[in-house]
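Everything below concerns the one structure shown next.
Read the figures in this text as sums done on the coordinates, not as results from a lab. Computed from a predicted structure; not experimentally measured. Glycine also receives a Cβ, built like all others from the backbone with ideal geometry; neighbour counts cover every protein chain displayed.
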Amino acid sequence: MKSKVLIADDHPMIIQGLISALKREGVQRVADANGTDDVIKQFERAHPDVIVLDVRFGGGTTGLDVARDLLARHPQARIVFYSQFDEDEIVKEAYRLGGMAFVSKSAQPDELTAAIRQAHAGQVYFPSAIANRLALLGVRGDDSPQSTLAPRELEVFTLMAQGLTNAEIAERMNLSVKTISNSSQAIKEQLGVHRPADITLLAVKHGLIIP
């Protein structure tokens, strides 16, 4: 079964390297995207079997943000995250969002090929090193903002971490400033963080924003 892939990465040299490596493995590139704005457009144009998606792009939008939007529009999309940023919380968030696999850019090409083929078959793929780390996280428990906060609170927290004021968040979410003020205070209490710098660091640690 020959897999057709969309490669999304903001480094053209990485895209070219992947095209060559995947071609040798019998994987066909049908489209590529250099920016987050192009991913959904190229997906809808080319109809790939699998998307190979980086986590970090230039600008404020991340691959995780793109995946969230894409899967909301096209739940059938099969995403393999491929990134050098493989902190535990980013990996966990990638799978939580609905990603089929997470492969580090330090992995061998055959690891990425295996992930693509499994994703094309509709199966979630865990490289052994990733599986071990996620298992350890499960044993230790999960105190991430994603697990602690309700969906709207998580959205408020992410905007707080990006440096927006309560008034700006209220305007963005079409809510009153008082509602956001109360929500932000409750969020700080739940997470045990109060300084803006600590809020941002916590969001980075758990893959909600990429520095």
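Overview of results
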item: Cross-chain or 6+ apart pairs with Cβ under 7 Å, the stretch 41-70 first and under 24 Å from Lys92 (Cβ atoms), then among the charged types (D, E, K, R) and part of a helix (DSSP H, G or I); result: Leu64/Glu93
item: Positions within the stretch 41-68 being in a helix (DSSP H, G or I) and out of contact with any strand residue (DSSP E or B) (no Cβ under 9 Å at 6 or more places or on another chain), in sequence order; result: Glu44, Asp65, Arg68
item: Single condition Val193 does not satisfy, out of (1) surrounded by 15 or more Cβ atoms within 10 Å (Cβ to Cβ); (2) assigned to a helix (DSSP H, G or I); result: (2)
item: Selection from the stretch 104-124 of residues that are within 16 Å of Ile51 (Cβ to Cβ) and either exposed (fewer than 13 other Cβ atoms within 10 Å of the Cβ) or touching a Leu at 6+ places or on another chain (Cβ under 8 Å) (or both); result: Leu112, Thr113, Ile116, Gly122, Gln123
